[in-house]
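What follows is one structure encoded as structure tokens, with my remarks underneath.
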Amino acid sequence: MLAYRSTNIIFGGLLLGLIALNFYHPINGILYAILLVIYIVVIGSGSSFISFNFFLEAYNKGKTQSKEIAITFDDGPLPEITPKVLDVLKKFDAKATFFLIGNRIPGNESIVHRILDEGHLIGNHTLNHDKRFGFFSKEKITEEILDANAIIEERTQKKLRFFRPPFGTTNPKVKAATEELGCDVIGWNIRSFDTLIKNPETVLKRIKKQVAPGAIILLHDIYPSTAPLVEKLLEHLQQIDYKVVPLDKLIERNAYE
Ligand SMILES: [Zn+2]
């Protein structure tokens with residue numbers, strides 16, 4: 001919360017400064033409006049970019065200096081896509097992490113079991129991946145995490161510790177809920193933008209440019225282009241001598257209780 005707290009102190013100070021100055025010399029009201037707009041932009045950016053660690057300390061990369069990297073997939077499991085991604089990972093003997101949406105699990109249990117059987121990790125990506133997640137109360141966030149955990153635990157006997165907020169949204173309520181539940185919040189430092197960029201070649205280029213020791217790559221196993229893209233990415237990583245390692249190893253944290 002350091003960055004958030006400092007921001008509030010700085011903007012609070014500036015606001016008080018303007019008010020004090022106003023006693024000596026009338027201040028144009030537009031200055032207050034400018035200050036407010038800048039504050040909103042700073043808070044909005046802090047909330048949208050998990051790697052800024054603005055509201056909470058997320059795990060956005062590993063500390064290693066070796067050529068090790070982690071690949072994460074959000075928003076699955078999807079029966080048409082996730083098995084194809086698993087096929088590719090198997091071909092390269094690469095271990096990834098899947099942040100699952102709770103309500104996508106019933107009916108897709110075999111995929112979740114395959115993920116685990118093939119040595120990948122799973123994490124929590126809420127029950128519903130609601131677009132309004134950023135506006136949820138602490139209680140509602142807690143419920144979204146616990147309900148997804150319950151579905152997963154019932155089917156896999158795994159108690160998840162890794163949590164990735166939908167859209168990477170963070171705020172003081174996400175911080176409070178995750179601290180109380182004792183989960184590790186997982187971010188990324190390579191955002192592929194595969195949800196926005198339609199051309200997989202452009203997505204791949206974006207990722208390749210940012211590859212570095214300890215990086216965590218964010219992808220989504222929800223598109224027909226995902227598996228072919230992962231195949232090309234793994235070929236590239238192999239060529240430049242990078243090893244894809246499980247997230248728990250990369251960030252030195254336990255994925256399960
Ligand atoms: Zn997501």
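Once you charge only the Cβ atoms, +1 for Lys and Arg and -1 for Asp and Glu, what is the size of the charge dipole of the chain about its Cα centre, to the nearest 20 debye? If you can, show how the numbers build up before the last one.
Details: 31 positive and 29 negative charges, 147 e Å.
In total the dipole reaches around 700 debye.
How would you order 21-28, 81-88, 34-41 from highest to lowest mean count of nearby Cβ atoms within 10 Å? Mind dumping the intermediate values first?
On the way: 21-28: 9.9, 81-88: 20.9, 34-41: 12.1.
The most tightly packed comes first, giving 81-88, 34-41, 21-28.
Can you sort Glu80, Glu153, Glu118 by 1.4 Å-probe accessible area, starting with the largest? Can you show the working numbers first?
Values: Glu80 105, Glu153 70, Glu118 35 Å².
Sorted descending by solvent-accessible area, the residues read Glu80, Glu153, Glu118.
Are any of the pairs Lys91/Lys159; Lys61/Lys243; Lys209/Lys232; Lys205/Lys232 more than 20 Å apart by Cα-Cα distance, and if so, which?
Working: Lys91/Lys159 28 Å; Lys61/Lys243 15 Å; Lys209/Lys232 14 Å; Lys205/Lys232 10 Å.
Beyond 20 Å between Cα atoms: Lys91/Lys159.
How do the peptides 228-234, 123-129 rank, highest first, by the average count of neighbouring beta carbon atoms within 10 Å per residue? Provide the component values of the computation, followed by the final result.
On the way: 228-234: 20.4, 123-129: 23.0.
Per-residue mean Cβ counts within 10 Å order the peptides as 123-129, 228-234.
Kindly rank 103-109, 14-20, 146-152 from highest to lowest mean number of other beta carbons found within 10 Å of each residue.
Taking the mean over residues of other Cβ atoms within 10 Å, the ranking is 146-152, 103-109, 14-20.
From the phi angles alone, apply the Karplus equation (6.51, -1.76, 1.60; θ = phi - 60°) to the stretch 184-193 and give each ³J(HN,Hα) in whole Hz, x where the residue is Gly or Pro.
Values per residue, Gly and Pro as x: 8, 8, 10, x, 6, 10, 10, 8, 6, 6 Hz.
Let me have the relative contact order for the chain, percent, based on Cα pairs under 8 Å that are six or more residues apart. Could you put the intermediate results ahead of the total?
Values: 448 pairs, mean separation 75.1, N = 257.
Over the chain, the number comes to 29 percent.
The values are calculated or read from the model by the stated rules, or taken from the named source; none is laboratory data. The structure displayed is predicted, hence computed values, not measured ones. Virtual Cβ from ideal backbone geometry, glycine too; neighbours counted across all protein chains shown. Ligands, DNA and RNA are excluded from the accessible area calculation, which covers all protein heavy atoms including side chains. Shrake-Rupley method; radii C 1.70, N 1.55, O 1.52, S 1.80 Å.
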